Amino acid sequence: MSSDDEGGEEYLFKIVIIGDSAVGKSNLLSRYARNEFNAHSKATIGVEFQTQSIEIDGKEVKAQIWDTAGQERFRAVTSAYYRGAVGALVVYDITRRSTFESVGRWLDELNTHSDTTVARMLVGNKCDLDSIRAVSVEEGKALAETEGLFFMETSALDSTNVKTAFEMVIRDIYTNVSRKQL
Ligand code: GDP
Ligand code: MG
């Protein structure tokens, strides 16, 4: 995960995005990595991952962020997807209650395939659609608290909290890793 070279340490963290189909996983990633939004994105088309670098404590920290590429439609997100992940964003759509009710199942799957040290954030996406919300902010917060997750509402459409959400997870992983190295 980290290795020494001439310039000092190098950090590369694998982060996975999970959650029901059409909650906005691919758009959260494209907004974060490329500042792009696609109103007509097709569930079947998707890149495997995007790599994004940020600087923390003067060090370059790279996050390799994985997208399901539509596999979640067929309940086919496999163990290979989770392998080596040290962070996870569990996404639901604040306008579709069923996607919030699925969060428990996604967390079970994450727990089955990875250990408890994975940095986890619950993400209520599409907060630009507040007028048709079906899940309150309080419910999201309460679930996150119960499950021991960070929580944030985001909008891939208008960019609200997208960078903050990804970078909070990346910083948490970095903090844990650098603490272990002391
Ligand atoms: P995925 O299946 O979870 O990867 O979801 P996508 O990223 O493909 O998004 C599904 C649909 O929701 C697309 O039509 C997007 O344009 C739309 N969408 C994604 N994020 C947002 C958002 O933050 N706000 C709104 N209003 N629509 C969004
Ligand atoms: Mg997708």
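A short reminder: the numbers here are calculations on the coordinates, not readings from a lab. Quick caveat: nothing in here was measured; it's all calculated off a predicted structure. Using ideal geometry, Cβ is built from the backbone for each residue, glycine included, and neighbour counts are taken over all protein chains shown.
Of the residues 57, 158, 20, the one with the fewest other Cβ atoms within 10 Å heads the list, and the complete ranking is 57, 158, 20. Restricting attention to the range 38-182, close to 40% of DSSP beta bridges with both partner residues there are antiparallel. Enumerate the residues in the range 59-73 having an amide nitrogen under 20 Å from the point lying 7 Å beyond the Cα of residue 129 toward its Cβ. Counting backbone N atoms under 20 Å from the label point, the list is 68-73. Measuring r between the beta carbons of residue 115 and residue 163 and using R0 = 30 Å, the FRET efficiency lands at 0.65. The stretch between residue 54 and residue 139, if pulled fully straight at 0.36 nm per residue, gains 27.5 nm over its current Cα-Cα span. Apply the a/c threshold of 1.5 to the C-alpha gyration tensor of the range 11-178 and tell me whether it is rounded, prolate or oblate. Rounded, because the longest to shortest axis ratio a/c is under 1.5. Normalised by the number of residues in the chain, the average gap of Cα pairs under 8 Å and 6 or more apart makes the relative contact order 23 percent.
Between helix 103-113 and the chain there is an angle of about 30 degrees, using the helix long axis and the longest principal axis of the Cα atoms. Build a GNM of the chain with springs between Cα atoms under 10 Å apart, and of 156, 119, 142 the one that fluctuates most is 142. Taking 107, 28, 122 as the candidate residues, the one with maximal mean-square fluctuation in a Gaussian network model of the chain, Cα springs under 10 Å, is 107.
Couplings for the range 62-68, taken from phi via the Karplus curve 6.51 cos²θ - 1.76 cosθ + 1.60 with θ = phi - 60°, read 9, 10, 9, 9, 9, 10, 6 Hz in order; Gly and Pro are left as x. When 154, 146, 68 are arranged by Cβ crowding within 10 Å, least crowded first, meaning fewest neighbours, the order is 146, 68, 154. For the range 11-178, lysine pairs with C-alpha atoms less than 20 angstrom apart, excluding pairs fewer than eight positions apart on the same chain, total 15.
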